[in-house]
Amino acid sequence: MIFTANYSFYAILSRFNWTHWLVLCSSTLLTLSGWYVTSQQSQQKMDLQYSFQANHLIELIEERIRHYEDTLKNSAATINLLNNELTAATWKTYAGALRTESKYPGVNGIGVIYNIAADQVAPFVESQQKDRPYFKIHPAHNNNEFWPITYIEPEKSNLKAIGLDIAHEANRLTAALRARDSGTTQITGPIVLVQDSKKTPGFLLYVPFYSSDRVPETLEQKQKEFIGIVYAPFIMKNLMDGALANENRLVNFSIKDGDDLLYNELSTASVDFDPMPLFSETYQIDLHGRIWTFKIQSSQIFKSLFSNYQPLIILFSGLILNILLFAFFMVLIFNHRKVIDYAEIVTQDLVKNKQDLESAYNRMSSAFDTMLDGLVVISDKGTILEVNNAALKLFLYTREELVGQNIRCMMPEPHQSAHDGYLHDYLTHGEKRVIGKRRLLQGLRKDRTVFPIYLQVSEGNEAGSKIFTGVIHDLTDKEKDEQKIAEKEAILSAAVHASLAGFLMMNTQGHFTEINKALAEWLGYSPEELIGRPVTDILPEDAHIASNDNLINMIQGHVNSIHLEKQYKRKDGALVWGVLSASTVKDKIGKVCYIVAQIINIDEAKRLSLRLSAQNLELERSNEELDQFAYVASHDLKAPLNAISKLAGWIEEDCLEVIPEASKEHFDLLKSRVSRMAKLLDDLLLFSRVGRVSHEYERVNIQQLTKNIATLQDIPTGFICTAPDISVIAPKIPLEQVLRNLIGNAVKHHPDKTGHINISIDTNPDGFYLRVIDDGAGIPQHLHAKACEMFQTLRPRDEVEGSGMGLALCKKIIEGYGGSLQIESEETKGTTIVTYLPIPQHLI
Amino acid sequence: MHKQPSEVTLFLIEDDDVDAMSISRAFNKLRIGNPIVRAKDGLEALEMLQQGDIKKPFIILLDLQMPRMNGLEFIEAVRKEPDFEDSIIFVLTTSRSEDEMMQAYHQQIAGYFLKESSGEGILDVVAVLNGYWKIAYLPT
């Protein structure tokens, strides 16, 4: 049976009701009880059989022993009859008559043992040797009693036993003494017969005889009258083989005397041995003074004969029946379930179809109601079946007022009276008036006013009869709209054409469709000349590709508008500059249909700006060259100067003794001029480097800086330099350069040996003022400008050493940072150098 | 292993006669007997090296601004010569340009000295060189 995913095993199981379970349970109970009863009966039968077999076995052995006992007892009686005068020959005759070998299989012989006192041994042996010269008692011992086996038949197979004194061995002697003292038959404990070459277990069966043929009553009499024992030796295996045929036996067994194993069939060597027997029991049997323990267990034959499979067959067939029954129920319920499910699916489909139809109807209705145009459905009789919200609004009715009415009420005369006739004509002759076409007609409102409409009618079928659907478009507002659009267009056109800025429109092929007068005239055309021509006609050749790319980008909608400066080609071939602003015009579905552009003439301005930037570039280059020149010149000038200085030094060194005093003075002058020139060149180098390296802004403490400068400059004692403990944000190295020069100047140009230089700082958020104020000679107003020029000194260089570049350098540094340097001084009243650095003081 | 100071040659590459002379004078003044061999520019120096005119061990004292092949070009060329790429080179120049100094040090020069305009500066440089070859082990 195959269960689909929808009909799983458990799903079906859960559908079982109590009757199914009742049938299954009672059937199972019946099976189990049938199995139980039959298996009980079978067990009882086997029990009976086993105990019968076990008892039978024991009885068989007991009977065999009894049989031998009887024979031995008869022999004892016979010896009494012969008045105890027995010879070997008589015994041979007697025993031969017994035919023990054939009659009593299992016995090894039958013999006589005499009890001889020690002093009687010699005559006894002597008398025996008369008949049998080989007779002698063995083995030797020191007991005062002797128990020699005197006769034994058949003698040939028992030769080793003749003359054997049984007193040599405890089991034999103990049983013999017991027989003498009790007068009853006795069995020895397990022994090995001397005549058994295989040395297997065996035993002797004793029957005592006395001088009288009766057994004396007291123990004393018994001992006194005791003569000897008639005995039979048994090899256990031979006995059992004789007693029982080991074929088709239902049981196997073992016999133990105490702990000694007498006989054992319970091994895998035995035929039919069952290692897992159905039954196994032990029995203890008292047998002539010995307790023999029998262990009996059922054989394989027993198992095969009596094991009964009937109960199991009943059980299994019952269970199979139950499984079939269960499966039958499953199939039954499975099919039942399938039928129910199918019915449910069909039902669901039906419900869904109905819902679909309803929702489709609702969707259609709401779609009709959201239409802007009116919609009316009528029957072939002209009765209104459906009407949408737009139609109700147009005609000022409510739905209840219209549905069920004749369509006539919605149209003015003459159609109102004739409409039924139109319908009839169409249905009978197929004469179409409005169907399938758009007609300009008039509608009649509830308030009897008439308004223009477009009407379009289509026909359909419903339940076998024709229906007609009319779509009504209100034309009332259309005329007003058209007028407004025309006005707007006129204004726009006037604006465009009157504008001084250039204006154009082009289509997606890049051809002009509109171009205003201003643009056309600027380019040397008339507007009519350009319309229809491609835009590339007004562009220089090298701009065609870029222009095409722009056009394609705009048409494909990647770019909506562009703004750029470009050159245009006039009719006469001259190029002019214009600013282009172009944007796309899209239709309702977002497709680009036009490009509108405005072009402003910037030719003049552009030319000016281009010229200006070219000049700026030139200026920058020449400045750069100048800087480079100053740097290289000063650098290269230094090398020969160094050489001159060195050579002068060497001449002086080498010829100090020979040059005249005047020449020595000249050497000094030479050296001082060389060092002045070196200083000039150094300063020139410094000057040319100003602004080449940019320095980072950091916090600089003015007091600290001044102190450092004063130390390094080696300011003469007598000059005091003061500065406020204020920090400013500034490029440290240039600031230090400026301050060093200014302080140096103040000291250098001071007329006295003592003086005071004060430095002040005045910060604001946008920058700071640095003033260096001295109390020196001052600079006259008219020399202020000159002081700041390069190579200008206000006093002869021989009086005050200096390159004349210090102030110029300071000015260049300060102005490099956008700042300013000014001299504020009145003659004789000291000088103040005011520098301003516009560096914001909130940066760090 | 240890080389006697007198064996080390100073290979002076200097276009300016006066500067070269000032080195010789400094040697005399400090009583240094090591031989001085001079080349007038980088190209000449390179040729002298290739022809084996300069015996090892030697150290090079190099000017930067020279005609034909300047100092930096010379260092670059020497570092490509398998026999002389390990040469010890000191630079002695008037150029204070940091850019040139960095370029020179990138080519593994041993030191960068500035020519003083006057005075005894050159004596210090020569004393340093003398001390250097007295205690340093040079490539042979």
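The values are calculated or read from the model by the stated rules, or taken from the named source; none is laboratory data. Predicted model only: the values in this text are computed from it and were never measured. Positions of Cβ are backbone-derived with ideal geometry, glycine not excepted, and every protein chain shown enters the neighbour counts.
Please note which helices (runs of 4 or more DSSP H) are completely contained in the stretch A:3-103 and include at least 2 residues that are loosely packed, with under 15 Cβ neighbours inside 10 Å and under 60 Å from the mean Cα position of the chain (by Cα). First the steps, then the outcome.
Working: elements: A:9-13, A:18-81, A:88-98, A:100-103.
Of the helices (runs of 4 or more DSSP H) lying wholly inside the stretch A:3-103, those with at least 2 residues that are loosely packed, with under 15 Cβ neighbours inside 10 Å and under 60 Å from the mean Cα position of the chain (by Cα) span A:9-13, A:18-81.
Out of everything in the stretch A:104-147 that is crowded, with 19+ Cβ neighbours inside 10 Å and among the small types (Gly, Ala, Ser), what residue ends up being nearest to residue A:227 (Cα to Cα)? Top of the filtered list is A:111. Taking the conditions (1) over 23 Å from residue A:155 (Cβ atoms); (2) buried (at least 20 other Cβ atoms within 10 Å of the Cβ) in turn, residue A:236 satisfies each one other than (1). Of all residues in the stretch A:410-448, those satisfying the criterion of being loosely packed, with under 15 Cβ neighbours inside 10 Å, in a helix (DSSP H, G or I) and of a type outside the set (D, E, K, R) are A:417, A:418, A:421, A:424, A:427, A:428, A:429.
If only one of B:20, B:45 is within 14 Å of chain A (Cβ to nearest Cβ) and outside any loop (DSSP other than H, G, I, E, B), which one is it?
B:20
Quick grid of which residues meet (1) within 21 Å of residue B:33 (Cα to Cα); (2) small (Gly, Ala, Ser); (3) assigned to a helix (DSSP H, G or I):
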| site | (1), (2), (3) |
| --- | --- |
| B:78 | no, no, yes |
| B:86 | no, no, no |
| B:95 | no, yes, no |
| B:104 | no, yes, yes |
| B:109 | no, no, no |
| B:130 | yes, no, yes |
| B:134 | yes, no, yes |
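Filtered by the rule that a residue be buried (at least 18 other Cβ atoms within 10 Å of the Cβ) and touching a helix residue (DSSP H, G or I) at 6+ places or on another chain (Cβ under 9 Å), the stretch A:548-565 gives a lone residue, A:551.
Taking the conditions (1) outside the structural domain of residue A:814 (by TED's automatic domain parsing); (2) surrounded by 14 or more Cβ atoms within 10 Å (Cβ to Cβ) in turn, residue A:622 satisfies each one other than (2).
Please indicate, with yes or no, whether at least one residue in the stretch B:29-36 is farther than 19 Å from residue A:636 by Cβ, away from chain A (no Cβ under 14 Å) and in a helix (DSSP H, G or I). No, that holds for no residue.
Contact annotation: residue pairs with Cβ atoms under 6 Å, 6 or more positions apart or on different chains, pairing a residue in the stretch A:395-419 that is assigned by TED's automatic domain parsing to the domain that holds residue A:383 with a partner that is of a type in the set (Lys, Arg), are A:395/A:445; A:396/A:445; A:396/A:446; A:397/A:446; A:416/A:408; A:419/A:408. Taking strands (runs of 3 or more DSSP E) as the structural unit, no element lying wholly within the stretch A:628-733 holds at least 2 residues that are within 14 Å of another protein chain (Cβ to nearest Cβ), over 25 Å from residue A:744 (Cβ atoms) and touching a residue at least 24 places away in the same chain (Cβ under 8 Å). Among residues of the stretch A:740-760 that are touching a residue at least 40 places away in the same chain (Cβ under 8 Å), those with a beta-carbon under 8 Å from a residue that is part of a helix (DSSP H, G or I) and surrounded by fewer than 19 Cβ atoms within 10 Å (Cβ to Cβ) at least six positions away or on a different chain give the pairs A:744/A:713.
Looking only at helices (runs of 4 or more DSSP H) that lie completely in the stretch A:456-565, which have at least 1 residues being under 60 Å from the mean Cα position of the chain (by Cα)? Spell out how you get there, then give the answer.
Values: elements: A:478-498, A:517-522, A:527-530, A:544-555.
Output list reads A:544-555.
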